[in-house]
1. Which value, in debye to the nearest 20, describes the size of the charge dipole of the range A:1-105 about its Cα centre when Lys and Arg Cβ atoms bear +1, Asp and Glu Cβ atoms bear -1, and nothing else is charged?
2. With +1 assigned to the C-beta of every Lys and Arg and -1 to the C-beta of every Asp and Glu, and no other charges, what is the dipole magnitude of chain B about the Cα centre in debye, to the nearest 20?
3. Placing unit charges on C-beta atoms (Lys and Arg positive, Asp and Glu negative, everything else neutral), compute the dipole magnitude of the range A:37-94 about its Cα centre in debye, rounded to 20.
4. With a probe of 1.4 Å, find how much accessible area the protein assembly as shown has per residue, and write the answer as a whole number in Å².
5. Using a Förster distance of 30 Å, how high is the FRET efficiency between residue B:83 and residue A:52, based on the Cβ-Cβ distance and rounded to 0.05?
6. Which value does Rg/Rh take for the range A:39-116 over its C-alpha atoms, Rh per Kirkwood?
7. So if R0 is 30 Å, what FRET efficiency would residue B:74 and residue A:39 give, r being the distance between their Cβ atoms, rounded to the nearest 0.05?
8. Alpha carbons only, please: Rg and Dmax for the range B:3-48, in angstrom.
Amino acid sequence: GAVVSQHPSWVICKSGTSVKIECRSLDFQATTMFWYRQFPKQSLMLMATSNEGSKATYEQGVEKDKFLINHASLTLSTLTVTSAHPEDSSFYICSARDGQGRLEAFFGQGTRLTVV
Amino acid sequence: LAKTTQPISMDSYEGQEVNITCSHNNIATNDYITWYQQFPSQGPRFIIQGYKTKVTNEVASLFIPADRKSSTLSLPRVSLSDTAVYYCLVGDRGNQGGKLIFGQGTELSVKP
């Protein structure tokens, strides 16, 4: 299947700083990528839909100024958590479809963010 | 988007067959049913997808009745490594920009 790579796998940052997470589709072009966050023992919660060359579409309740999404190319989307606080500590996961008519999405390995 | 309902948790023993049922009463005509597996601290992994009747691949089978209001993921002869959370999702295959919304999932625990 198609491969989605996420980097970094884990990151620790201080409160008030910003953290960037990258999501790359390695062997296909993804016009649309999705960003999720997941708290312990909970399901994945969709944060936003990232569209190549245009603004991201955020789900209700997700602060667009705090979670900046950039989808500058067909293989790369980035999520920047700005002015991070401890409550932003979570597991962030990206996914993408390969546009080949299949419903299944391919997921990155996730990024564990810890804000101290 | 159709809402899905699954059991929160299930227990099984090694070597047994496990069947996880998902309800999706409001499934639309164009919707497909897809199951994902997630291990702790990893992204979900695609298991199987189907539209109707039965689909089988090397790891699982998916049974979908004629009314498509439910589906059953069947894992044959589970092992300890099958302990994971399993998610059932429904969505439009043709809508490449369509969102995938996860329900609560089923936490499967396989014991020796």
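The values are calculated or read from the model by the stated rules, or taken from the named source; none is laboratory data. All of these numbers come straight from a predicted model, not from anything done at the bench. Glycine also receives a Cβ, built like all others from the backbone with ideal geometry; neighbour counts cover every protein chain displayed. For the accessible areas, the whole protein counts, side chains as well, though only heavy atoms, and no ligand, DNA or RNA atoms are used. Shrake-Rupley method; radii C 1.70, N 1.55, O 1.52, S 1.80 Å.
1. The dipole magnitude comes to about 100 debye.
2. In total the dipole reaches around 300 debye.
3. 80 debye
4. On a per-residue basis, the protein assembly as shown sits at 49 Å².
5. E between residue B:83 and residue A:52, to the nearest 0.05, is 0.20.
6. That ratio equals 0.96.
7. For R0 = 30 Å, the calculated efficiency reads 0.50.
8. Here Rg and the maximum Cα pair distance are 13.0, 37 Å.
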